[in-house]
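Provided herewith is a single structure, encoded as structure tokens, for subsequent inquiry.
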Amino acid sequence: MGRVSEPSSTPWWRDAVIYQVYPRSFADGDGDGMGDLPGITARLPHLADLGVDAVWLSPVYPSPQKDAGYDVADYRGIEAMFGTLDDFGRLSERAHELGLRVVMDLVPNHTSADHVWFRAALAAGPGSPERARYLFREGDGDAPPNSWRSVFGGPAWTRVEDGSWYLHLFDSSQPDLDWTNPEVVAEFEDVLRFWLDRGVDGFRIDVAHGLVKADGLPEWDHDQALLDGSAATGERPPMWDQEGVHEIYRGWRRVLDAYPGDRMLVAEAWVTPPERLARYLRGDEMHQAFNFDYLRAPWRAAELRAVITSTLVAHETVGAPATWVLSNHDVVRHASRLGYPAGQEPTSGVGPDDPQPDAELGLRRARAATTFMLALPGGAYVYQGEELGLPEVTTLPAGVRQDPSFARTNGEDTGRDGCRVPIPWEGGEPSYGFGPGPAGWLPQPELWGRLSVAAQTGVAGSTLELYRTLIARRRELHLGRGTLRWHEIDGGDVLAFTSADVLVVANLGPDPVAVPAGATLLVASGDLDAGRVPTDTAAWFRLP
Ligand code: NOJ
């Protein structure tokens, strides 16, 4: 409690654990089956008990919800089904009372087609200043202006009644803005101020690498996928990571720096290699970026070690902290992803007809992966429900799926609904405490009863108690501010490092590994085997 007001020379975000709330699925205050802001506010003590530093809310703005809120119709309001601006004020106030910072999700690459600007653009016609806020172009006869494809499948262009086409890198309901237009730049700086004035502590920037497109929109005839910013060719695609984005973030940084306190920007940028990502984190740009190379690394020591090293080296050059993440609302939950053979972990969508994960193996590895991750220096992100060990729900029937990528690919891409199922809080039947109603917006599996917050609280060895212990110890030991030094342990597929006088060992190989004599156990993801770290287990030790 009260951490927010503690004076500190180190900005809070440098070593923070930030918890992602997916508002549709966190807690439903009014019983309509959809999560909402009063529901979140009532459950904030869970986050304080977990010990995280901040809550990041996926978008809660007015939106037709064609992409679950990543299609924003009004950047200065709250979607009615989530509540009101007053509800947001109460959430923010309660979070701050509990010592939790609040991070909003800003979606600047595209608006919703319901945004007043896009409606005006359609009404005003070709060549108008209203259309110049978006990327309208003429096609080639009946063919679109170029070959670009949407990340959600199909062409990235949609034709309007008068024959012009508009660009949408995502769903056709998400038209891309033209960031070379000064009006767009000014509008978003004002939106930032709107929320900063309401006390928010930071922003997660959606598709931060996509705002500026290469001049002339050159051809790019390749499939696009979420989290996959670079193409098979190794060339930089003309819609991602263009030089012009950096000027935008310098402007935003000036806006944030004019406010008291340590306000922060975190980039969702699917950019590789890490040196390119680090360019978003130069001293006058953003503060943090998500580390998707880490999330996508297979469960093998050599690859993980290489990703960690290259991440740390690249971030060091710009003086920014690294971040680490294993799950979010776009990828298969890591308790299921890691239930596949190493190197075959799927990131996007698993359906009932796909090969199913080994649930026991997945959970064991997920606990080890988190135990390892939370010892790494820098910031860490945790996605709601992973503290309960929730698996991906792979059995959702087609009829309930809502992710636009499912419909746009005729079901070929299963989509992301499986990681978005409302989370269980208590009780033995739906909605497992999610809300006063009997069901959430996606059906919850029976397993949810055993995995609820209430079922795991106070239970030694539960995944929830493991997370609580890890986060508390990480803070006491200052691991987020540590310096990683690789430590050699003989034999097997092992990752080991020291940081802040702690030895961290993750055993990814089949045989137990011994640790140095005199090392005393601090916390482990599973039982040790006569002092040795068994397969798919991670542990922290105090060195003698
Ligand atoms: C990334 C978000 O995380 C994802 O959920 C969304 O669909 C796309 N950006 C488009 O906004």
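Please determine, by comparing only the residues of the range 25-64 that are among the aromatic types (F, W, Y) and under 16 Å from the mean Cα position of the chain (by Cα), which one is surrounded by the most Cβ atoms within 10 Å (Cβ to Cβ).
Per the stated criteria, the residue is F26.
Right, here's the next one. Show the residue pairs that are 6+ apart or on different chains and have beta-carbon atoms under 6 Å apart, the first residue being within the range 283-306 and assigned by TED's automatic domain parsing to the domain that holds D330, the second being aromatic (F, W, Y).
Listed pairs, sorted by first residue: E285/Y249; M286/Y249; M286/Y280; H287/W13; A289/Y280; N291/W324; F292/W270; Y294/W324.
I'm trying to understand the selection: among the residues of the range 165-177, which are in contact with a strand residue (DSSP E or B) (Cβ under 7 Å, 6 or more places away or on another chain) and in a loop (DSSP other than H, G, I, E, B)?
Scanning the range 165-177 gives H168, L169, F170, S172, Q174, P175.
Inspect all residues belonging to the range 457-479 and state whether any of them is among the small types (G, A, S), out of contact with any strand residue (DSSP E or B) (no Cβ under 8 Å at 6 or more places or on another chain) and in a helix (DSSP H, G or I).
Yes, there is a match, as at least one residue in the range 457-479 is among the small types (G, A, S), out of contact with any strand residue (DSSP E or B) (no Cβ under 8 Å at 6 or more places or on another chain) and in a helix (DSSP H, G or I).
While we're here: Can you name the residue in the range 41-64 that is out of contact with any strand residue (DSSP E or B) (no Cβ under 8 Å at 6 or more places or on another chain) and more than 16 Å from the ligand (Cβ to nearest atom) and is also nearest to L470 (Cα to Cα) among such residues?
For the range 41-64, the residue satisfying everything is D49.
Condition check: of a type in the set (V, I, T), surrounded by fewer than 24 Cβ atoms within 10 Å (Cβ to Cβ) and either in a loop (DSSP other than H, G, I, E, B) or within 15 Å of the ligand (Cβ to nearest atom) (or both). Does I18 satisfy that?
No; evaluated as a whole, the condition is false for this residue.
Could you check how many residues of the range 342-357 are among the polar types (S, T, N, Q) and touching a helix residue (DSSP H, G or I) at 6+ places or on another chain (Cβ under 7 Å)?
Looking only at that region, the number is 1.
Could we say that W117 is surrounded by fewer than 21 Cβ atoms within 10 Å (Cβ to Cβ) and closer than 22 Å to V245 by Cα here?
The answer is yes for W117.
Right, next: Of T520, T457, which residue is hydroxyl-bearing (S, T, Y) and not assigned by TED's automatic domain parsing to the domain that holds G362?
After ruling out the rest, the residue left standing is T520.
For the range 79-97, name all the residues that are outside any helix (DSSP H, G or I) and either buried (at least 17 other Cβ atoms within 10 Å of the Cβ) or touching a strand residue (DSSP E or B) at 6+ places or on another chain (Cβ under 8 Å) (or both).
E79, M81, F82, G83
Scan the range 102-115 and give yes if some residue there is out of contact with any helix residue (DSSP H, G or I) (no Cβ under 7 Å at 6 or more places or on another chain), among the β-branched types (V, I, T) and within 16 Å of the ligand (Cβ to nearest atom), otherwise no.
yes
Moving on. With out of contact with any Leu (no Cβ under 8 Å at 6 or more places or on another chain) and assigned to a loop (DSSP other than H, G, I, E, B) as the only criterion, which of R119, R76 stands out?
From the options R119, R76, the qualifying one is R76.
Right, next: Which members of the range 146-164 meet the condition of being more than 16 Å from the ligand (Cβ to nearest atom), assigned to a loop (DSSP other than H, G, I, E, B) and touching a strand residue (DSSP E or B) at 6+ places or on another chain (Cβ under 7 Å)?
V160, S164
Given (1) crowded, with 18+ Cβ neighbours inside 10 Å; (2) in contact (Cβ under 8 Å) with a residue 60 or more places away in the chain; (3) over 30 Å from D223 (Cβ atoms), identify the lone condition not met by Q402.
That leaves (3) as the condition not met.
Let me ask you something else. Looking at the range 463-491, which of its residues are without any contact (Cβ under 8 Å) to a residue 60 or more places away in the chain and of a type outside the set (A, V, I, L, M, F, W, C)?
Matches in the range 463-491: E465, T469, E476, R485, H487, E488, D490, G491.
So D67 clears everything in (1) within 16 Å of the ligand (Cβ to nearest atom); (2) in a helix (DSSP H, G or I); (3) under 22 Å from the mean Cα position of the chain (by Cα); (4) not small (G, A, S) except one condition, right? Which one?
The single condition D67 does not satisfy is (2).
Continuing with the same structure: Given the criteria aliphatic (A, V, I, L, M), over 27 Å from M286 (Cα atoms) and not in a loop (DSSP other than H, G, I, E, B), does A306 qualify?
no
Any chance the range 105-117 includes a residue that's modelled with pLDDT of 95 or more, over 26 Å from E219 (Cβ atoms) and of a type in the set (D, E, K, R)?
yes
Answer yes if at least one residue in the range 482-493 is in contact with a strand residue (DSSP E or B) (Cβ under 9 Å, 6 or more places away or on another chain) and of a type in the set (K, R), and no otherwise.
Yes.
Can you find even one residue in the range 437-456 that is touching a residue at least 60 places away in the same chain (Cβ under 8 Å), over 28 Å from A27 (Cα atoms) and polar (S, T, N, Q)?
No, that holds for no residue.
Considering only the range 185-211, state which residues are over 30 Å from L100 (Cβ atoms) and within 16 Å of the ligand (Cβ to nearest atom).
none
Which one of these is in the same structural domain as V421 (by TED's automatic domain parsing), among the aliphatic types (A, V, I, L, M), within 25 Å of L376 (Cβ to Cβ) and away from the ligand (no atom under 16 Å from the Cβ): A359, A335?
After applying the criteria, what remains is A335.
The values are calculated or read from the model by the stated rules, or taken from the named source; none is laboratory data. Computed from a prediction, not measured in an experiment: that's the story for all the values here. Virtual Cβ from ideal backbone geometry, glycine too; neighbours counted across all protein chains shown.
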